[in-house]
Amino acid sequence: MAVTALWPEGGGFPNPYPLLVFSLIAGEAVYRLPAPHASVISVILLIGAISPGYWGYSTLSPLFICLYGLLHGAAFMVFRGIWKNEEEMTARNEALLSEYRKMKRRIVSDEQAARQEERVQVGRDIHDSVGHKLTALLMQLEVFRMEADPAAAGRMQALKVLAKESLDETRNAVKALKQHEAGGLAAILSLIRKLEAESFIRVNFSVKHGALSAPLSNTQSIAVYRAVQEALTNMM
């Protein structure tokens, strides 16, 4: 259609505009089609550029058109190679960027988990050491208060109130440290083993069949852990 419409009949120098149109069509073919299909389109365009001379139309030299076609073919091949390389580099860059983002999120998550684990460990240490000792102090003060005379009993009561306030503040601090604590069976067993090692006693406990495999939410797991922890504290 481009040859028929744009190359005039007769002698004289032909209009080279169809070559530009053919170049644009070939470029679109190289850009949009697979290599075999683009090659077919290029051959059809080359034949269309040479054939007007056989139909009586004025045309450029077939040698010039062939050289023109070869030049464009080489240029398009280079372009397609660069374009493919750029697409591959873009895909690799996107993959590396995605992996970098995942690694960055994982590092942040690991840092948060490590900090939370430290907070939980500090909270457990405070509860298991300071909390137990303050509880024992309260019990000893109560024993002394019951055995002391009225004057000393008043002072013992004041000391008992002070110790109880200290215990409450310690528990509040532990609660703040352990607000995101992950409980569960592993944490309970770790707590019991630590108590056994520190107190030189053996702890036996029993649960209903299937209780250890029951699906629990994080809040429920923490509640179970806290209940066992308080029971051990009261027992000590």
Listed by chain and number, the lysines with an alpha carbon less than 18 angstrom from that of Lys175, same-chain partners under 8 positions apart left out, are Lys133, Lys164
Phi-based couplings in Hz for segment 21-30 (Karplus 6.51, -1.76, 1.60; Gly and Pro marked x) = 4, 4, 4, 5, 4, 4, x, 4, 5, 5
Whole-Hz Karplus couplings 3J(HN,Hα) for segment 222-236, θ = phi - 60° and coefficients 6.51, -1.76, 1.60, Gly and Pro as x, run 5, 4, 4, 4, 5, 5, 5, 5, 5, 5, 5, 4, 5, 5, 5
What is the log10 of I(q)/I(0) for segment 90-219, computed with the Debye formula using one identical point scatterer on each Cα and no solvent, at q = 0.11, 0.17, 0.22 Å⁻¹?
-> -0.66, -1.04, -1.24
In nanometres, the difference between 0.36 nm per residue of separation and the alpha-carbon distance of Ile25 and Asp110 is 25.1 nm
For Lys208, which aspartates and glutamates qualify as cross-link partners when the Cα separation must be under 14 Å and same-chain residues fewer than eight apart are set aside?
-> none
Using 0.36 nm per residue, how much length does the chain from Tyr17 to Ile201 gain when fully extended, once their Cα-Cα distance is taken away?
-> 56.3 nm
Which residues' amide hydrogens lie under 5 Å from the amide hydrogen of Leu33, considering only partners 5 or more residues apart or on another chain, with H built in the peptide plane?
-> none
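Quick note: the coordinates plus some simple rules give every number you see, no bench work behind them. All of these numbers come straight from a predicted model, not from anything done at the bench.
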